[in-house]
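Below you'll find the structure, written out as structure tokens, and then a few comments.
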Amino acid sequence: MGGSVVVRYRGKQITELQLEFIRRLIAEHPSLSRRRLSAMVCEAWDWRQANGQLSGMICRGLLLALERGGFLQLPPKKCSPPNPLGAERRRPPSVEVDRSPLQCSLKELGLLEFRQVRRSRWESLWGSLIEQYHYLGYCHPVGENLKHLVFSQERPIACFAFSSAPRHLGPRDRYIGWSQQTRKRNIHLLAYNTRFLILPWVQVPHLASHLLARMARRISADWESLYRHPIYFLETFIDTERYRGTCYRAAGWVYLGLTTGRGKDDQTGRANRSLKAVWGYAVHPEFRRYLCEASG
């Protein structure tokens, strides 16, 4: 659709003609729910996520932004579903596990089983372990995400979490070498390791780097099975006041640089939190070709 640009929202340019299209939809269907309205807009513009599903949540955010800006009047709300991010943080229920010391060599540990537990009966166990034993605790994930448990003889020993990568990250973006346009188009082909936990009673030399290496080999296939697209590059933050990233280095991850120490909404230009070391891992040897040239 042509016309002059009146609004920019999350990389999308909304023209006067597109705005008029939304107004016409509202006028012709005054009883539409906001959810259905956003679906109709997505279908008309073929606005989809990387996995082919409609970008309904982003579109609803756009519609709210247009209403707040005085560009249109949305239909009245028909319901207000609970927002898990806006509500007071709820701790996952505690799940009891065997906490007896596990001290042995990696070879003696035997066969390890990796389970992707999101949307499974094991997800509550994952949440309980992260909340109790990871120094950051449990945080409700946003966007695409996977959760893994690692078992040794049906006994949980480690947890992983991966989610959608941050849109802007200087050290990573310089390392990949992509343009702003290709980054916006292909950011979904990266995953961010938000949590990695080995349970405190598990004392096995070299286990951390071994698990990281195995996780890196399977993450793309697991991601594609749920979201219908691969992963070519992994990243994580290491709190420099707590850790040195030794296990990541041993697993083949590369140090990319330091964060600025400022949050994404910072308005002061000054560091207000600890610096984080940015580490990255190329899941595919030709990751730059896919990230910088592929259509995504």
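Would you be able to say whether some residue in the range 171-183 is buried (at least 22 other Cβ atoms within 10 Å of the Cβ) and of a type in the set (Gly, Ala, Ser)?
no
Can you name the residue in the range 215-248 that is surrounded by 15 or more Cβ atoms within 10 Å (Cβ to Cβ) and charged (D, E, K, R) and, of all such residues, is farthest from LEU54 (Cα to Cα)?
Among residues in the range 215-248 that are surrounded by 15 or more Cβ atoms within 10 Å (Cβ to Cβ) and charged (D, E, K, R), the one farthest from LEU54 (Cα to Cα) is GLU235.
Condition first: aromatic (Phe, Trp, Tyr) and touching an Asp or Glu at 6+ places or on another chain (Cβ under 8 Å). Now tell me which residues in the range 132-180 satisfy that. Walk me through how you get there before you give the answer.
Taking the range 132-180 as the starting set, the residues that turn out to be aromatic (Phe, Trp, Tyr) are 133, 135, 138, 151, 160, 162, 175, 178.
Scanning the range 132-180 gives TYR138, PHE151.
Residues that are more than 21 Å from ARG115 (Cα to Cα), at least 3 per element: which helices (runs of 4 or more DSSP H) completely within the range 154-259 meet that?
Working: elements: 170-176, 180-186, 207-227, 246-250.
Answer list for the range 154-259: 170-176, 180-186, 246-250.
Out of GLN53, GLN49, report the one residue that is closer than 30 Å to LYS184 by Cβ and either modelled with pLDDT of 95 or more or exposed (fewer than 13 other Cβ atoms within 10 Å of the Cβ) (or both). Steps first, answer last, please.
Values: GLN49 fails: either modelled with pLDDT of 95 or more or exposed (fewer than 13 other Cβ atoms within 10 Å of the Cβ) (or both).
Just a single option satisfies the conditions, and that option is GLN53.
Please specify each residue of the range 191-239 satisfying the condition of being on the phi > 0 side of the Ramachandran plot and either over 16 Å from the mean Cα position of the chain (by Cα) or outside the structural domain of VAL150 (by TED's automatic domain parsing) (or both).
Listed by number, the list holds a single entry, HIS206.
Would you mind finding the one in ARG89, ARG119, ARG155 that is over 18 Å from LEU212 (Cβ atoms), assigned by TED's automatic domain parsing to the domain that holds ILE219 and at pLDDT below 95?
On the way: ARG89 fails: assigned by TED's automatic domain parsing to the domain that holds ILE219; ARG155 fails: at pLDDT below 95.
Being over 18 Å from LEU212 (Cβ atoms), assigned by TED's automatic domain parsing to the domain that holds ILE219 and at pLDDT below 95 holds for just one of ARG89, ARG119, ARG155, which is ARG119.
Mind checking which pairs have a first residue in the range 32-55 that is assigned to a loop (DSSP other than H, G, I, E, B) and a second that is among the hydroxyl-bearing types (Ser, Thr, Tyr), Cβ under 7 Å, 6 or more apart or different chains?
Close Cβ pairs (under 7 Å, with a partner that is among the hydroxyl-bearing types (Ser, Thr, Tyr)) amount to TRP47/SER55; GLN49/SER55; ALA50/TYR227; ASN51/TYR227.
So which residues in the range 108-130 are in a helix (DSSP H, G or I), buried (at least 18 other Cβ atoms within 10 Å of the Cβ) and not β-branched (Val, Ile, Thr), if there are any at all? Lay out the reasoning, then the answer.
Of the range 108-130, the ones in a helix (DSSP H, G or I) are 108-109, 123-130.
Filter again for buried (at least 18 other Cβ atoms within 10 Å of the Cβ), leaving 125-130.
LEU125, TRP126, GLY127, SER128, LEU129, listed by residue number.
Identify, please: which residue in the range 155-170 is out of contact with any strand residue (DSSP E or B) (no Cβ under 6 Å at 6 or more places or on another chain) and free of Cβ contacts under 8 Å to residues at least 40 places away in the same chain and is, among those, surrounded by the fewest Cβ atoms within 10 Å (Cβ to Cβ)? Reasoning before the result, please.
Filtering the range 155-170 down to residues out of contact with any strand residue (DSSP E or B) (no Cβ under 6 Å at 6 or more places or on another chain) leaves 155, 164, 166-170.
Add one more test, that the residue is free of Cβ contacts under 8 Å to residues at least 40 places away in the same chain, and what stays is 164, 167.
On the way: SER164: 17, ARG167: 12.
Filtering first and then ranking leaves ARG167.
The values are calculated or read from the model by the stated rules, or taken from the named source; none is laboratory data. Here the structure is a predicted model, which is why all the values come from computation and not from measurement. Virtual Cβ from ideal backbone geometry, glycine too; neighbours counted across all protein chains shown.
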